[in-house]
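In what follows, a structure is listed as structure tokens, so that the remarks can point back to it.
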Amino acid sequence: MYNNLLYFLTAIFFFSMSTVPEAPLLPTWASGTLFVLSLLSYERLVRFIHAKVDSRSSAGYFRAERKTSILAIGFFGLTTQVCGFKYYLAFLSWGKALPSLVNIAGLLLFFLYLSLMWWAAQSNYQRVFGRWYSPSAFVASNIKVNLPIVLPWVLLSLCYDLVAYIPWPALHDLLLSAWGDFLFYVLFLFFVLLMFPPLVRRLWGCTRMPVGPLRDYLLAFCARQKFACELYLWPLFEGRALTAGVMGLVPGLRYVLITPGLLDVLTLGELEAVMAHEIGHVKKKHLLLYLLLIAGFSLVVGLYTEPLTFFLLSRDLLYSRRWSGLSPEAMLVVGGTLPLLVVMLLYFRYLFGYFIRNFERQADLHVFSAIDSHHGNNYGSHALISALEKIALMSGNTRDQPSWHHFGIGERVAYLEKCAHDPQERGRHQRKVGLSLVVYLLVLAALSVWAQYLPVESLSRQYKEKYLEVVLKQKVEQEPDKALWLQRAGDLMQHKKMEKKALAAYERALTFEPVGLELMNNLAWLLLTSTDPQLRDPQRALILARRAAEIKPLGSFLDTLGLAWWTNGFLDEAVAAEQDAALADPAGQGYYQQQIDRFRHTSYQQELKQKQAD
């Protein structure tokens, strides 16, 4: 389930982080053909992997499932970008009223790839686990098992869209803030932890443990631990999987799930140890701590997504020649989503993995306090070690197989033995977990404070300028005879103080559009205001500015003309032009009056000498 969580997180991230394109990358017929070919190719690959002999054991079956799940993400991610799924699914958003429906439809497409995987794996599953399903029933069964992983995201996405229609402006303002959005997310996660267990046990087909001596024995053990729950049989992999789990925050909605296979192979003492482990999760508040870890990630992502994205998208490396085959739009997707995807996977795989491994170790250590007081010293650890050794042996000799989320069974056994011989080690581990949580919270707090000082606006401006530069460069290369792109490139270069390049772009644009009004005005401004005296040409600027203002007397054009008159020594004409600009553009009257005052109190030559002296 932990691996499947990472698979679905990756798929959801791939799809939801991209925007709806204005036009698909490929024609509709080509997109459809490529999509069908991707489905056929994936299905052939899955069948090839499951046809191998080593896929016909339980360990081999799970290895094949991991490989094909990763392949499903690859095929889905590629076709999502190339086939333009979002463009064709955009109609589902009801005119952008419910954009979450588009992302949910994308998730269904990922389920389509997974369904091909399960369809192909059905015969091996039947051989390994001894349960016959029709291919369609097997697919439906797997969908039900995996639905609890994605349902919280589906419901959260819909809630965000629907809250926008609540006529409560204060609520909307709160949700638009970073902290309000985070609070909404935390409350939703808490609701999921509280209310999802009944739904999950139904989707997983769990049934109440039959009334009898075994149920009475386990419930009596729970009562001695002052732990209230209901016991359910968990038919995971036809009940042959050897595992147990606990879910639910409150006693009335709290369940301990045990597979029939585990009940068949363990003694009563070993079952007590397994129950003590599950009780340890609740006693140590691990379910709430999972909520904290997920909420912490969401907080950091919410605070740092924009600045990190802007920073990466303003780097020259992203637009270097090695990526020259990608369009600027593709670079935007790569630069904006791939780093965040990597951060997400690293967070859940390593930091989240670190905590849940150590939470599992805490739950293991609970057997010492839960059982030893009743049965004698180290009885609980011996019972849990015996249970773990049986599970490892009967699961295909997996004792030394590493686990990123639970520690390997061999590691767990060795640590229990260490704690049995050195009781102080138990306290050291409790302190280690506590200290780790304190450090995590302090880092989270520091990151939250630091985020307030990030220069988001400056980073955003840098990114937009860099992206515009790349887009214009591509447009100029694609349409070298189109004056508009050359003019826009010149405007950008002038803004970035790259004045020689700006002048060259403007001059080239003039050869294709000699009477472009905005082009003439912007070139005139550059010839009047360049920081390089050698680039200045007031006489030519006056000719260009007069021609533009005579044809179209806009406020900005008349302002350029006023500056041109002044630089050439014609004060009255300069003042008149600025007055005309104020009439044409009343909103800018304050600026135009400043220009008039500037012209009247100093000459162009005096100002030029002052700048040179400075």
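Values in this text are rule-based calculations from the coordinates and carry no lab data. Here the structure is a predicted model, which is why all the values come from computation and not from measurement. Here Cβ is always computed from backbone atoms with ideal geometry, including for glycine, and neighbour counts include all displayed protein chains.
Summing +1 for each Lys or Arg and -1 for each Asp or Glu, what net charge is found among the other residues whose Cβ lies under 12 Å from the Cβ of Asp54?
+4
Would you kindly state the longest site-free stretch of the chain, with sites defined as chymotrypsin sites (Phe, Trp or Tyr not before Pro) in a DSSP loop (not H, G, I, E, B) surrounded by at most 14 other Cβ atoms within 10 Å?
Working: sites that count: Trp94, Trp132, Tyr165, Tyr453.
Longest site-free region, per DSSP loop and neighbour criteria: 166-452.
Work out, in µm²/s and without decimals, the Stokes-Einstein translational diffusion coefficient of the stretch 513-613 at 37 °C, 0.692 mPa s, Rh from Kirkwood over C-alpha pairs.
It diffuses with D of about 244 µm²/s by this estimate.
Under a Cβ-Cβ cut-off of 15 Å, what is the net charge of the residues other than Pro402 that fall near it, where Lys and Arg count +1 and Asp and Glu count -1? Mind dumping the intermediate values first?
Values: positive: Arg63, Arg66, Arg349, Arg357, Arg361, Arg399, Arg412; negative: Glu360, Asp400, Glu411.
Summing Lys and Arg as +1 and Asp and Glu as -1 gives +4.
In degrees from 0 to 90, rounded to the nearest 10, what is the angle of the helix 328-346 Cα long axis to the longest principal axis of the chain?
Tilt relative to the chain: about 30 degrees.
Per-residue HN-Hα couplings for the stretch 5-11, Karplus 6.51 cos²θ - 1.76 cosθ + 1.60 at θ = phi - 60°, whole Hz, x for Gly and Pro?
3J(HN,Hα) across the stretch 5-11, in whole Hz: 4, 5, 4, 5, 4, 5, 5.
Under a point spin-label approximation (7 Å from Cα along Cα-to-Cβ), what is the His421-His495 distance to one decimal in nm?
Taking the simple label geometry, His421 and His495 are separated by 6.9 nm.
Given q = 0.13 Å⁻¹, what are the Debye log10 I(q)/I(0) values for the chain, with equal point scatterers placed on the Cα positions and solvent ignored?
Taken in order of the listed q values, log10 I(q)/I(0) reads -1.46.
Ordered by residue, what ³J(HN,Hα) values in Hz, to whole numbers, does the stretch 264-275 give under the Karplus form 6.51 cos²θ - 1.76 cosθ + 1.60, where θ = phi - 60° and Gly and Pro are x?
6, 9, 9, 7, 4, x, 5, 5, 4, 5, 5, 4
Could you give the nm distance between label points at Ala504 and Ile543, where each point is 7 Å from its Cα heading toward the beta carbon?
Result for the modelled spin labels: 2.3 nm.
In nm, to one decimal, how far is the modelled label at Leu5 from the one at Val342, with both set 7 Å along Cα→Cβ?
Distance between the two pseudo-spin positions: 2.4 nm.
Angle check, please: helix 589-601 long axis (alpha carbons) against the longest principal axis of the chain (alpha carbons), in degrees 0 to 90, nearest 10.
50
Note the angle between two axes, namely the Cα long axis of helix 58-82 and the longest principal axis of the Cα atoms of the chain, as a number of degrees from 0 to 90, rounded to the nearest 10.
20
Contour minus end-to-end for Leu108 and Arg127, with contour as 0.36 nm per residue of separation and end-to-end as the Cα-Cα distance?
Result: 4.0 nm gained on full extension.
Using the beta-carbon distance between Val301 and Leu78 and R0 = 22 Å, what value does 1/(1 + (r/R0)^6) give for FRET efficiency, to the nearest 0.05? Don't skip to the answer; put the middle values down first.
Values: r = 24 Å, r/R0 = 1.11.
The formula returns an efficiency of 0.35 here.
Just the Cα atoms of the stretch 1-165: what Rg and Dmax do they give in Å?
Values for the stretch 1-165 (Cα only, Rg and Dmax): 17.0, 56 Å.
What does the helix-only formula give at 222 nm for the chain: each DSSP H stretch with n ≥ 4 adding -39500 (n - 2.57), the total divided by the residues, and the result rounded to the nearest 500 deg cm²/dmol? Don't skip to the end; give the middle numbers.
Details: 26 runs with 449 residues, N = 614.
Taken over the chain, the calculation gives -24500 deg cm²/dmol.
So, counting K/R as plus one and D/E as minus one, what does the shell of residues with Cβ under 13 Å around Glu425 add up to?
+3
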